[in-house]
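S.K.: Could you have a look at this structure, given as structure tokens, before my questions?
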Amino acid sequence: MTFDGKTEVYGVIGYPVKHSLSPVFQNRALKHFSINAVYVPFEVKPEDLEKAFEGLKALGVRGVNVTLPHKERALTLADIPDAHAKTIGSANTLKFTPEGVYAYNTDWIGFLKALKKFLQELRKVKVLLLGAGGSSRAVLYALKSEGAEVYLWNRTEEKAVKLCEEFGCTAVRKPEDVIDVVEFVVNTTSAGLKEEDPPLFDYNLLKPEQKVMDIIYKETELLKFAKKKGCLFQDGLDMLLYQGMESFRLWTGLEVPYEVVKGAVLEYKKEKLYAG
Ligand code: ATR
């Protein structure tokens, strides 16, 4: 693709943002449809968010993904927030238009699409959800909208209790209290990102018939145990890809095939591996 005077700009704003895989697969999606556009990372410090927001508008940027720690504030800055984003309380997708800035949350859709690959029916399914941060809200919204019965555990118990009052779930004091009755376990905490993070519960209690998902996109300790125990399991890469595919659809009206974006990430990882 040759960039010229008509090239449009998309991007991702976050802090930090250098680790983001979104430019890798969003640029592949643009290329797939021969769209004259580019998708770039914008590292924006929290204190600069308002300025950056105005700058994006002034520069005619067409759309951005929003990642940590800006998702909550991005929602409040937008002119036209979507109803799902309002309930979740955060936006990960902004679309700049002449009528104003639209805000969406595609994390919950990404989660559901990824999940449905290995758990089709969620009605009445008992789920242990770990974590009560921003990501947990999107996952909880998705699970409740599908009729799952959610048991929520969080290191800071008050946050779990508050979220359960809002979304209608059951806060538990420790994961071990319900691990025997749930069919599905999902981790939305950042514990597991680092090797030295202590386990959230005794992962030896997992049973082969349980399904396990970690929204972190690498093989965490939780997923290693799930594998060892013979559980069906999934890391967060598919959720990331599906949320991005939905953002792409909102910006362009086009549905990029999963294989295209997955292929881009796999190639990128392979290149990085060879580059050391
Ligand atoms: P995100 O938007 O990614 O969810 P967040 O809103 O900062 O990020 O939430 C982080 C979540 O990870 C919280 O549920 C947090 O628990 P607390 O509410 O008790 O802080 C959880 N978390 C982070 N590190 C953790 C750890 N080492 N053990 C257990 N939970 C952890």
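Only the coordinates and a few stated rules stand behind these numbers; no lab work does. As the structure is a prediction and not an experimental result, all values here were calculated from the model. Methodologically, a virtual Cβ is constructed for each residue, glycine included, from the backbone with ideal geometry; neighbour enumeration extends over all protein chains shown.
S.K.: In segment 135-155, what residues are within 14 Å of the ligand (Cβ to nearest atom), assigned to a strand (DSSP E or B) and aromatic (Phe, Trp, Tyr)?
M.R.: If the condition is that a residue be within 14 Å of the ligand (Cβ to nearest atom), assigned to a strand (DSSP E or B) and aromatic (Phe, Trp, Tyr), then TRP153 is the only one that fits.
S.K.: So which of VAL61, VAL40 is surrounded by 13 or more Cβ atoms within 10 Å (Cβ to Cβ), among the β-branched types (Val, Ile, Thr) and either assigned to a loop (DSSP other than H, G, I, E, B) or within 16 Å of the ligand (Cβ to nearest atom) (or both)?
M.R.: Answer to the selection: VAL61.
S.K.: For a quick check of your reading of the model, give me the residue pairs whose first member lies in segment 168-188 and is within 16 Å of the ligand (Cβ to nearest atom), whose second is small (Gly, Ala, Ser), with beta-carbon atoms closer than 7 Å and at least 6 apart or on different chains.
M.R.: Partner pairs satisfying both residue conditions: ALA171/ALA160; ASN187/GLY131; THR188/GLY131; THR188/GLY133; THR188/SER135; THR188/SER136.
S.K.: Condition first: part of a loop (DSSP other than H, G, I, E, B) and touching a residue at least 12 places away in the same chain (Cβ under 8 Å). Now tell me which residues in segment 119-134 satisfy that.
M.R.: Passing the criteria: LEU119, LEU122, ARG123, LYS124, VAL125, GLY131, ALA132, GLY133.
S.K.: Residue under question is GLY131, and the condition is that it be loosely packed, with under 15 Cβ neighbours inside 10 Å and either closer than 26 Å to ALA83 by Cβ or out of contact with any Gly (no Cβ under 7 Å at 6 or more places or on another chain) (or both); does it hold?
M.R.: no
S.K.: For segment 190-203, state whether one or more residues are under 22 Å from SER20 (Cβ atoms), hydroxyl-bearing (Ser, Thr, Tyr) and within 16 Å of the ligand (Cβ to nearest atom).
M.R.: Checking segment 190-203: at least one residue is under 22 Å from SER20 (Cβ atoms), hydroxyl-bearing (Ser, Thr, Tyr) and within 16 Å of the ligand (Cβ to nearest atom).
S.K.: Please indicate, with yes or no, whether at least one residue in segment 69-88 is part of a strand (DSSP E or B) and surrounded by 15 or more Cβ atoms within 10 Å (Cβ to Cβ).
M.R.: Yes.
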